[in-house]
Every structure is written in C-alpha cells, then in structure tokens.
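I have placed the structure first, in the form of structure tokens, so that the comments after it can refer back to it.
Quick note: the coordinates plus some simple rules give every number you see, no bench work behind them. Only a predicted model underlies this, so the values are computations on that prediction, with no experimental measurement involved. Cβ: placed from backbone, ideal geometry, glycine included. Neighbour counts: every protein chain shown.
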Amino acid sequence: MSSPVIRVVDLWKIYEDGTEGSTALRGTSMEITRGEVLALLGKSGSGKTTLLNLLAGLDRPSRGFIEVEGKNLQNLGDKGRTLLRRRRLGFIFQFFNLLPTLTAFENVYLALELAGKGTPAQVFAVLAEVGLKGKEKRYPHELSGGEQQRVAIARAIVKEPALILADEPTGNLDTATGMQILELLSSRCRESGMSLLMVTHTPMARRFADRVLHMVDGVIRPEADGEEPGP
Ligand SMILES: Nc1ncnc2c1ncn2[C@@H]1O[C@H](COP(=O)(O)OP(=O)(O)O)[C@@H](O)[C@H]1O
Ligand SMILES: [Mg+2]
C-alpha cells in the first residue's frame, strides 16, 4: 500500500480578524489516495477555499496537521513548502490566473521551469493534448474562457504533479464548457495516476469523481445515502 498523497488530521482554521474571529474549519479530517479523483462539494462560505490554501501550504492551520506524501507541511519550512508547491502540486482556479503578459506557451513553460524540469517539446505536446494546437502564441486575452482554462490545465498537468487542487474550476464557464473542462481534467489525471481534488459548489462535478465529499460548516462529511444525485 502506498501512503496517501494527502492526510489531514483534525484541522481547524480560525481567522483572527477582530474580537470574535471567524472559524472556517472545525476539526476536519480526510485522506486522498494516489490517483484518486475527488469532488468536494459545499455551499459558498463552507470552508472549501480555506482547506485548499492550507493543503497548498499557503496558510497555516490553527490546529491539526497536514501531510503531503508523508511529509508534515509545518515541518518543511517556507522553502520546502515552495518547492513542494512547484514540483508536486498543480493548481487550477476559477479565474484561470494565467499571467496576462505571457503567451499560452510561456505560461505553461514557466510552470515547468519552476518545477526544475522539462523541455519546450513537452509544452507543445501538452497544449496539443488539451486541444490548443496552433494557439500556443496567443495571449490569455486572445483566448475564450474555456481555452484559458485549458491552458491552466496544461500548466498544472505538464509537471505531472502528485496532486492537482482545483478551486471552482468551472465557476466562470457556461455549463457545457464546464463539463468539457471537468471531463478533460478528470480523465487526464486518471491516465497519469495524478490525484485530483475538485472543489466546487456545482453538483455536476460528482459524475467525474471516484468519491464525493461534502463540506458543511467547516467539517468534511462523506456523501450520505439518498443525497440528491444532482444533474
Ligand atoms: N482571509 C480571511 N479572513 C477572514 N475570514 C475569512 C478569510 N477567508 C475566508 N474567511 C471566512 O471563512 C469562511 C470560509 O470561507 P471560504 O473558505 O472562502 O469558503 P468557500 O470557499 O467554501 O466559499 C467564510 O465565513 C469566510 O468569510
Ligand atoms: Mg471558495
């Protein structure tokens, strides 16, 4: 048995912003196994983005701990966490987060360079794979929303990370385009044995996942029997 890609134990996050503070995570635990495609559903404000920020090592938990590939994030130090993000994790966001002054090719190549590996040929190959052959030299503003998200997928998968974290990856796309993006992302992760955590409030993510979890008021629960199957 290989160790889980992610192990979260009794995670709490309290934002200290005033006298009361805001408790975003209240004792959540979970594991993601290698190659698993997971959908994390939950209403706006339930704590999904907070969890992703903690998994990425961008913020620190108030209590509890996170292991990424068996390493406790808090013990890695800033440098260790940065290297981990660049080499072992991929990110996909609602608003694509491409660098506007770089072409599609350059956006993807930069991620590969930061991961400390790769060749331009790999970038052309991965862009073709996500359906962007011939559009490598375009800037983000010369691409549709769906195409920009394909660049973001290429940027995430090109380094073959252990885990891809996707935060509302279809939130800014129409339904049909969103479905194509989830299909592409989930099938590509399965092909290469990358784990995928898709965070979303849209139930349609469910059909692309091996397992579905729900975030409710800062706690993760497995999907209960008889829960709405969604569209
Ligand atoms: N930087 C922050 N400072 C203070 N409160 C925050 C911060 N980020 C999120 N929150 C609060 O934590 C809760 C969870 O937010 P978030 O993780 O963004 O939820 P989701 O992604 O599920 O919509 C919300 O009540 C939100 O207002
Ligand atoms: Mg969010």
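Descriptive notes on the structure:
- Among (1) crowded, with 19+ Cβ neighbours inside 10 Å; (2) at negative phi, the one test that residue 137 misses: (1)
- Residues that are assigned to a helix (DSSP H, G or I) and either among the aromatic types (Phe, Trp, Tyr) or over 13 Å from residue 160 (Cβ atoms) (or both), drawn from segment 109-122: 109, 110, 113, 114, 120, 121
- Filter result (surrounded by 17 or more Cβ atoms within 10 Å (Cβ to Cβ), within 8 Å of ligand 1 (Cβ to nearest atom) and in a loop (DSSP other than H, G, I, E, B)) within segment 39-59: 42, 46, 47
- All strands (runs of 3 or more DSSP E) inside segment 140-231 with 1 or more residues being of a type outside the set (S, T, N, Q), touching a residue at least 24 places away in the same chain (Cβ under 8 Å) and more than 20 Å from residue 91 (Cβ to Cβ): 211-216, 219-222
- Selection of segment 65-85 for residues being within 23 Å of residue 39 (Cα to Cα), touching a helix residue (DSSP H, G or I) at 6+ places or on another chain (Cβ under 7 Å) and not acidic (Asp, Glu) yields 65, 66, 68, 73.
- Of the residues making up segment 135-153, those that are within 13 Å of the chain's Cα centre (by Cα) and within 19 Å of residue 115 (Cα to Cα) number 2.
- Taken as a whole, the structure leaves residue 23 outside the set of residues that are among the polar types (S, T, N, Q), on the phi < 0 side of the Ramachandran plot, under 18 Å from the mean Cα position of the chain (by Cα) and within 13 Å of ligand 1 (Cβ to nearest atom).
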